[in-house]
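Let me begin by presenting the structure, written as structure tokens, before commenting on it.
Any read-out appearing in this document is the output of simple, stated calculations on the displayed coordinates, not a laboratory observation. What you see is a predicted model; the values in this text were computed from it and never measured. Please note: Cβ atoms are built from the backbone with ideal geometry, for glycine as well, and neighbour counts cover all protein chains shown.
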Amino acid sequence: MINSPPTSETVSEEKTIAAIATPPGAGGIGIIRMSGSLSLSVLKDLFKPRRQLSGFVSHHMYYGWVVNPHTRVPVDEVLAVYMKAPSTYTREDVVEIHCHGSYLVLQEILTLLLEKGVQLAEPGEFTKRAFLNGRIDLTQAEAVSELLQARTTEGAHLAMAHLQGRLASAIGRIRDNLLNLRAIIEVAIDFPEEDVDIMQPQEMEKRVEDEMIAPLRQLIATSDQGKIYREGISVVILGRPNVGKSSLLNALLKEERAIVTSLPGTTRDTIEEYLDIKGVPVRIIDTAGIREGAENIEEIGIERARRKLEGADLVLLLVDGSAPVDEEDRKLLDAVDNKSVLLVVNKIDLVEDFDVRNYNRTFPGLPVVPISAKTYEGLPGLEQGIFDIVTRGSGWDPGHRCVPNVRQRAALVRTLEAIDQMRQGLDAGLPPDLLAIDLQDGLDHLGEIVGETTTEDILAEIFAQFCIGK
Ligand SMILES: Nc1nc2c(ncn2[C@@H]2O[C@H](COP(=O)(O)OP(=O)(O)OP(=O)(O)O)[C@@H](O)[C@H]2O)c(=O)[nH]1
Ligand SMILES: [Mg+2]
């Protein structure tokens, strides 16, 4: 990655910025993106089209070479596109140069741009400009980052819905209702003596409840319900040595990630990987088999396993189905008592007439899933079991597609508090000028979500999470 220069003042339209937009490393194509008023003239200086051009038509691709103006040596064979403001990502003039995906070539072209007075873009600066220039609101800008970071298709779909403005329009509806109410309250403030036809308090209260409080509550609820799709969950595989923990990890990943041997104590450290279970991003952690009297290195591994347990949303307690449950299995269960636990009985391929009821009797109340990490039998049932436990009672409806993030949720809660206070004021017959204060408070908090009333600090924090070139 390129180090960004010392942070400059505020974004100014005068400054033309550029960055490598594709990830570091070798790739089929690499793209350099430039935004700002210098874009076209810089392109003209460095790009030699194959055929003589009278000018660049906006949004058309041109084939040619980027030529180093000092040496006259072609740097790379490229496709270049000029996109005229305002129909662009940033609403400024934008140029993209598509070259071969060599990091050296990309660097060299970028250096040539910088020599022409273009500045290196800061992380998220293109998207920040799109926001500051009013092409997208803050929820859509955040959705760009969420889309880039999504680890499952479901997560990507949620981000896409926000990018298309699903959340922004839900907020917009509540905001319009608040503005309507404010207009009514203002009439009441301006004409206190007159018998103007303002709404009855009961009718107002009903509107506040139906048009503001209920939809705010709904958004907060979907934020909670959809949280696991956004943030994912952590699942720890725990069990005595040799029960098949690493085999299970490999089976779930469908690759030979962890070393499996017939010797107890094979896994000495924790191993973490990511899985997609029905759209939920799952961090799955294989641990060292826990047993008493373990030796040094193994002991450290066991200690790490215990620590991983603390952050786990779900524990898969693995036992060997071909051997009787013993005291150590039970001790492990006691140790994870405060967690969600799924008892996974492995190696059922070795057992004739496997009967799950034996386990139900021994561990009453504990969900049990029989599997074979060797033959993959029972794995779909295990994934379903994990999914059911982590989404249990969440009331999640995948059709929602509106899942406010942590920042947005906090602002929704503050909005709700202000509006609720206003409703109580209505109920208590407070004068309209006092109601107006709470109402304005609510509007301001709502404005933070879409970026109308968001402070510079918070904006900086949001865009700093982006990668360079986005
Ligand atoms: N037949 C059969 N063998 C299995 C199954 N799962 C694992 N094994 C075997 O059990 C042995 C131990 O498997 P591992 O996956 O290394 O077990 P582990 O729990 O990770 O062991 P430690 O890391 O030592 O704690 C290996 O020989 C595996 O091939 C299964 O479902 N069926
Ligand atoms: Mg292991």
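Label 7 Å along Cα→Cβ of SER54; region 64-103 residues with amide nitrogen under 15 Å?
none
Are there GluC sites (Glu not before Pro) in region 100-193 that DSSP puts in a loop and that have at most 11 other Cβ atoms within 10 Å, and which ones? Write down the numbers at each step before the final one.
Working: sites: GLU108, GLU115, GLU125, GLU142, GLU146, GLU154, GLU186, GLU193; in loops: GLU193.
For GluC sites (Glu not before Pro) across region 100-193 that sit outside H, G, I, E and B with at most 11 neighbouring Cβ atoms in 10 Å, the list reads GLU193.
Using the reciprocal of the averaged 1/r over all distinct C-alpha pairs, how large is the Kirkwood radius of region 318-470 in Å? Provide the component values of the computation, followed by the final result.
On the way: mean 1/r = 0.0478 Å⁻¹.
After inverting the pairwise mean of 1/r, the radius is 20.9 Å.
³J(HN,Hα) across region 296-311 via Karplus (A = 6.51, B = -1.76, C = 1.60, θ = phi - 60°), whole Hz, x for Gly/Pro?
In residue order, the calculated couplings are 2, 4, 4, 4, 4, x, 5, 4, 4, 4, 4, 5, 4, 4, 4, x Hz.
Quickly work out the VAL351-to-ASN180 label distance, labels modelled 7 Å from Cα along the C-beta direction, and quote it in nm with one decimal.
6.2 nm
Do any GluC sites (Glu not before Pro) in region 237-323 lie in a loop, going by DSSP, with at most 12 other beta-carbon atoms within 10 Å of their beta carbon, and if so which? Could the numbers behind the result be given before it?
Numbers: sites: GLU255, GLU256, GLU272, GLU273, GLU292, GLU295, GLU298, GLU299, GLU303, GLU310; in loops: GLU255, GLU256, GLU292, GLU295.
Filter output for region 237-323: GLU255, GLU256, GLU292, GLU295.
May I ask you to list the trypsin sites (Lys or Arg not before Pro) in region 55-114 that are in a DSSP loop and have at most 14 other Cβ atoms within 10 Å of their Cβ?
Values: sites: ARG72, LYS84, ARG91; in loops: ARG72, LYS84, ARG91.
Listed in order of number, the matching sites are ARG72.
Can you give the Kirkwood hydrodynamic radius for region 113-232, in Å, rounded to one decimal and based on Cα pairs?
Numbers: mean 1/r = 0.0563 Å⁻¹.
Its Kirkwood hydrodynamic radius stands at 17.8 Å.
Express in whole angstrom the spacing between the alpha-carbon centres of region 447-470 and region 336-371.
For region 447-470 versus region 336-371, the Cα centre distance is 48 Å.
What is the local net charge at SER87, summed over the other residues whose Cβ is closer than 15 Å to its Cβ (Lys, Arg +1; Asp, Glu -1)?
Overall, the nearby charge balance is +1.
Cα-based Rg (one decimal) and Dmax (whole number) for region 415-468, in Å?
Rg, Dmax (Cα atoms, Å): 15.5, 54.
Using a cut-off of 12 Å between beta-carbons, work out the net charge of the residues near GLN421 (Lys and Arg +1, Asp and Glu -1, GLN421 not included). The partial results should precede the final answer.
Working: positive: ARG414, ARG423; negative: GLU417, ASP420, ASP427, ASP438, ASP441.
Net local charge, GLN421 excluded: -3.
Under the rule a/c < 1.5 gives rounded, and otherwise a/b versus b/c splits prolate from oblate, where does region 230-391 land using the Cα gyration tensor? It would help to have the intermediate numbers written out before the result.
Values: a/c = 1.24, a/b = 1.03, b/c = 1.20.
Since a/c stays below 1.5, the shape of region 230-391 is classed as rounded.
What's the long-distance tail for region 364-447, i.e. % of Cα pairs beyond 20 Å?
Values: 2155 of 3486 pairs.
I get 62 percent for the Cα pairs in region 364-447 exceeding 20 Å.
What per residue convex hull volume, in Å³, do the alpha-carbon atoms of the chain yield? Before the final figure, lay out each step's value.
Working: hull volume 102.4 nm³, N = 470.
With only Cα atoms used, the chain gives 218 Å³ per residue.
If you average 1/r across every pair of different Cα atoms in region 17-136 and take the reciprocal, what Kirkwood value do you get, in Å? Don't skip to the end; give the middle numbers.
On the way: mean 1/r = 0.0698 Å⁻¹.
Taking every pair of different Cα atoms in region 17-136, averaging 1/r and inverting gives 14.3 Å.
What lysines could a cross-link reach from LYS48, if we take a straight Cα to Cα line under 24 Å and drop same-chain neighbours fewer than 8 places away?
Hits, sequence-local ones excluded: LYS84, LYS116.
Sticking to Cα atoms, compute the Rg of region 242-331 to one decimal and its Dmax as the biggest Cα-Cα distance, whole number, in Å.
That works out to 13.2, 41 Å for Rg and Dmax.
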